[in-house]
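Reading through the C-alpha cells given below for one structure.
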Amino acid sequence: MAERKKPANLIYDVDESPGIGSLVMLGLQHIFVMTIAFVIPVIIVDAIGGTYDDSRRIITMAMLVTGLATILQGLNKGPVGSGYLCPLINGPAFLSASILAGKTGGLPLVFGMTFIGGLFEGVFSRVAIKLRAFFPAEVIGTIVTMVGIEVIPLGVKKFFGLDAAHQMLDPTSVMVAVITLASMIGLTVWGKGKIRLYSVLIGMIIGYATAYLTGIFGQNQFDHIRGSAWFSVPAIGFYGMSFSTALIIPFIVAALSSALKTMGDLTTCQKINDAGWKRLDMKSVSRGILACASGNILSGLTGAFGQSPSSSNIGLSIATGATSRAIAYAIGGLLILFAFLPKIASIFVIMPTPVMGASLVFAASFMVVAGIQIMLSRMIDVRKTFVIGISIVFGLSVDVIPGLYRNIPDMIQPFFQSSLSLATICAIILNIFMRIGIAQTATIELVPGVDHSEKVFTFLQRQGALWGAMPNVIARAASAINETLESAESMAATSGALNVAVSFDEFNLDVDISYRGEPMLFTDTKPSEEEILSSPLGTAGLSLFLIRRNADRVESSVKKGLCHINLHFNH
C-alpha cells in the first residue's frame with residue numbers, strides 16, 4: 001500500500017499516538033458519543049416484551065463486546081482489523097431481524113441468529129476484496145453520505161428534546177442543545193491544540209451543566225447513579241443461544257447491510273487519514289469487515305445484539321483532528337472496564353436527550369460532507385448522476401414516509417429498515433446497470449496543422465465522466481495529447497493523422513498514439529530559451545519535455561511501420 005500523506009487538519013493521524021492522559025480523555029469523549037446507541041438494546045427488549053433487568057444485562061454485555069471489537073478493528077497487523085479508529089456500536093442494521101427473532105423465540109434466538117449473521121459476515125469479508133468494481137467512488141460516496149444522513153432523524157429529534165416521554169418541542173431542551181452544539185462548534189473552529197482535541201467532551205460537560213441548571217438533569221438521574229453497584233461481573237452467556245432456519249435469510253441480509261456500512265465507514269477513515277487518497281484499499285476493508293464479524297460472533301456467544309461501526313464517532317474524529325488507532329485501544333479498554341463498574345457506566349447511559357442530539361448533529365455534519373467529497377473526487381456524468389440521485393431519493397423515502405415499506409417480506413425487511421441500507425442497495429444495483437454500454441477504450445483521430453485542443457478536451461471530459469476518472473488525471477492526459485500533436489507538427493514527424501486510443505481500468509489511464517512517419521524522442525532536459533525561440537525543433541523539444549513531465553511514464557517505439565507513443569498515468 002502506498003505511503004499515506006498526513007492531512008493538514010489532523011493533530012494525531014492514524015499512526016501517531018497521544019500521551020496516556022490524552023488517550024484516556026479522548027477515549028471518554030468517544031464513549032460519550034457511543035453510548036447514544038444503547039437506545040437500540042432498549043428498543044429491542046421493549047419490542048419483544050423484555051424487562052429492565054434484560055436491558056441492563058444486555059447493555060453491560062454490549063460494553064464488553066463493543067470494547068473487544070473496537071480493539072480488534074484498530075489492529076493493523078494480522079488477518080483481523082482495518083487498522084483505523086472505527087468504533088463499533090449496536091447499530092440499526094440488525095434491528096428488525098432481532099425484533100423478529102425475539103418475538104419468535106425470545107432472546108436466546110436473537111443471540112443464536114446474531115452468531116449466524118456474524119459467521120456470514122466473516123465469509124463475506126473474505127470475498128469482498130474481489131468486489132472492488134462494484135464500489136466506485138459514486139457508490140462509496142453515496143453510502144458515506146447516507147451514513148451521515150441516517151443520523152439526522154434521531155439527532156434532530158433529540159436536539160429538540162423529543163423522545164418516548166416527550167412528544168412536543170421543549171424550549172428548554174432546545175436551549176440546552178443549542179448551547180451544547182455552539183460550544184462544540186466554537187471550540188472546534190477557534191480552539192487550538194488540546195482545546196480542539198477535547199471540543200466534544202468539553203461541549204458535553206457544558207451541556208450536562210446546563211441541563212442540570214435548567215432541571216432536565218435532576219434527581220431521577222442521580223438516583224439511577226446511586227442505585228447502581230460499584231462492581232459487578234457481566235453475565236456472559238446468561239440467556240444461551242437457539243437457532244431457526246426460517247430466520248437465516250433475514251440475518252444474512254442484516255449482516256450484509258452491516259458489512260456494506262462498514263465499507264462506507266472505512267472509506268471515510270482511509271480518506272481522512274491520507275491527503276493523497278485516490279481509491280479504496282479493499283485489503284484493509286476486508287480485514288475491517290472481519291473485525292466487525294468477530295464482534296457479532298462474540299455478541300451471539302456472550303449475549304449482546306448485532307454490531308456495526310459508529311459513523312458518529314468517525315465524524316467526531318474528523319472534527320477533533322485525532323484519528324489515532326491508539327484511541328481505539330483506549331476506547332476498548334475503558335468500555336471493558338466500565339462493563340465491570342455499573343455505577344460509572346450509568347453516567348454515560350443517562351446522558352440528557354438534548355446533549356445527545358447536539359452530539360449527533362455535530363458528528364453527522366462531518367460525515368455528510370465527507371461523502372460528498374468522495375463523490376466529487378471523480379468526474380460525474382448523467383449515468384453517475386442517476387446512481388447518486390436515485391439512491392439518495394429512495395433512501396430518504398424511508399425517513400420521509402414512515403411505514404412506506406412495512407409490507408415488505410420479512411426476509412428482506414432489513415434492506416428497507418433504514419435509509420442507509422436501501423440507498424446502498426439502490427446504488428450497487430444502479431451502478432451495475434449503468435455500466436452497460438460503457439467501453440473501456442475510446443479512440444479519436446487528430447490531424448497535424450489543425451487546432452484540436454478543444455476537441456481533445458471535450459473527448460476526454462466525456463470519457464472521463466463515463467469512466468469516473470479523476471479530473472486532474474484527465475486534465476494531464478489532455479495536455480499531453482495536445483503537446484504530442486504540437487510536437488508532431490513542429491518536427492514534421494508525420495503528414496498523416498494521429499490515431500489516439502485511450503483506455504481506463506480504475507488504476508491506470510493509458511494513451512496510445514500511433515502514426516506513420518518519424519519517431520519522436522523524449523527528453524528529460526528542458527531546452528534553453530534560445531533553442532525554443534530560434535527553431536521549431538526547440539519548440540518541439542519543449543513539448544516533448546512537458547509530455548514527460550505530465551505523464552507518469554512515456555515510451556516511444558516503432559512496430560510494423562507504425563510509430564507508437566505510450567503515455568501512462570497512475571489513477
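Quick notes
- Beta carbons closer than 8 Å, at least 6 apart along the sequence or on distinct chains, pair a first residue in region 177-192 that is of a type in the set (A, V, I, L, M) with a second that is outside any helix (DSSP H, G or I) for Ala177/Phe160; Ala177/Gly161; Leu187/Tyr198.
- Within region 187-229, being among the small types (Gly, Ala, Ser) and surrounded by 13 or more Cβ atoms within 10 Å (Cβ to Cβ) holds for Gly191, Ser199, Gly203, Gly207, Ala209, Ala211, Ser228.
- Single residue of region 135-186 satisfying the filter (outside any helix (DSSP H, G or I) and among the aromatic types (Phe, Trp, Tyr)) that is surrounded by the most Cβ atoms within 10 Å (Cβ to Cβ): Phe135
- Residues within region 255-286 that are under 13 Å from the mean Cα position of the chain (by Cα), in a helix (DSSP H, G or I) and of a type outside the set (Gly, Ala, Ser), tallied: 14
- Failed item, numbered, when Ala442 is tested on (1) in contact with a helix residue (DSSP H, G or I) (Cβ under 8 Å, 6 or more places away or on another chain); (2) part of a loop (DSSP other than H, G, I, E, B); (3) of a type outside the set (Asp, Glu): (2)
- When Asp15 is tested against (1) in contact with a strand residue (DSSP E or B) (Cβ under 6 Å, 6 or more places away or on another chain); (2) closer than 21 Å to Leu334 by Cα; (3) outside the structural domain of Pro108 (by TED's automatic domain parsing), exactly one condition is not met: (1).
Condition check ((1) in contact (Cβ under 8 Å) with a residue 24 or more places away in the chain; (2) of a type in the set (Lys, Arg); (3) exposed (fewer than 14 other Cβ atoms within 10 Å of the Cβ)) across all residues:
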position: Val355; (1), (2), (3): yes, no, no
position: Arg383; (1), (2), (3): yes, yes, no
position: Met411; (1), (2), (3): yes, no, no
position: Cys426; (1), (2), (3): yes, no, no
position: Leu430; (1), (2), (3): yes, no, no
position: Ile436; (1), (2), (3): no, no, yes
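Results for (1) of a type outside the set (Gly, Ala, Ser); (2) within 32 Å of the chain's Cα centre (by Cα), shown as yes or no for each residue.
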{"residue": "Ile179", "(1), (2)": "yes, yes"}
{"residue": "Ile195", "(1), (2)": "yes, yes"}
{"residue": "Gly203", "(1), (2)": "no, yes"}
{"residue": "Phe222", "(1), (2)": "yes, no"}
{"residue": "Met241", "(1), (2)": "yes, no"}
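Each row is one residue, and each column tells you yes or no for (1) of a type in the set (Val, Ile, Thr); (2) modelled with pLDDT of 95 or more; (3) surrounded by fewer than 24 Cβ atoms within 10 Å (Cβ to Cβ).
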{"site": "Ser257", "(1), (2), (3)": "no, no, no"}
{"site": "Lys261", "(1), (2), (3)": "no, no, no"}
{"site": "Gly264", "(1), (2), (3)": "no, no, no"}
{"site": "Thr267", "(1), (2), (3)": "yes, no, no"}
{"site": "Asp274", "(1), (2), (3)": "no, no, yes"}
{"site": "Trp277", "(1), (2), (3)": "no, no, yes"}
{"site": "Leu280", "(1), (2), (3)": "no, no, yes"}
{"site": "Ile289", "(1), (2), (3)": "yes, yes, no"}
{"site": "Ala293", "(1), (2), (3)": "no, yes, no"}
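- Leading residue by the ranking (nearest to Gly306 (Cα to Cα)) among those in region 1-55 that are in contact (Cβ under 8 Å) with a residue 60 or more places away in the chain and of a type in the set (Ser, Thr, Tyr): Thr35
- Test result for Phe305, outside any helix (DSSP H, G or I), more than 19 Å from the chain's Cα centre (by Cα) and assigned by TED's automatic domain parsing to the domain that holds Val233: yes
- Members of region 190-227 that are part of a loop (DSSP other than H, G, I, E, B) and over 17 Å from Phe32 (Cβ atoms): Gly191, Lys192, Gly193, Thr214, Gly215, Gly218, Gly227
- Checklist (1) polar (S, T, N, Q); (2) touching a helix residue (DSSP H, G or I) at 6+ places or on another chain (Cβ under 7 Å); (3) at pLDDT below 85 applied to Ser232, failing item: (3)
- The residues on offer are Ile331, Ile350, Ile372, and the sole one that is hydrophobic (A, V, I, L, M, F, W, C), farther than 25 Å from Gly19 by Cα, modelled with pLDDT of 85 or more and in the same structural domain as Val174 (by TED's automatic domain parsing) is Ile372.
- Residue among Ile336, Ile428 that alone is in a helix (DSSP H, G or I) and over 30 Å from Glu506 (Cβ atoms): Ile336
- For region 181-204, a residue qualifies if it is within 19 Å of Gly161 (Cβ to Cβ) and at pLDDT 90 or above, and the qualifying residues are Leu181, Ala182, Ser183, Met184, Gly203.
- Residue within region 325-334 that is surrounded by fewer than 19 Cβ atoms within 10 Å (Cβ to Cβ) and touching a residue at least 12 places away in the same chain (Cβ under 8 Å) present: yes
- Qualifying residues in region 363-373 (those that are surrounded by fewer than 24 Cβ atoms within 10 Å (Cβ to Cβ) and of a type outside the set (S, T, N, Q)) - the one nearest to Thr320 (Cα to Cα): Phe366
- Some residue of region 338-345 being surrounded by 24 or more Cβ atoms within 10 Å (Cβ to Cβ) and at pLDDT 90 or above: no
- Flag: Met379 matches the condition of being more than 23 Å from Thr323 (Cβ to Cβ) and at pLDDT 80 or above.
The values are calculated or read from the model by the stated rules, or taken from the named source; none is laboratory data. Just so it is clear, the model here is predicted, and its values are computed rather than measured. All Cβ positions, even for glycine, are placed from backbone atoms using ideal geometry, and neighbour counts span all protein chains on display.
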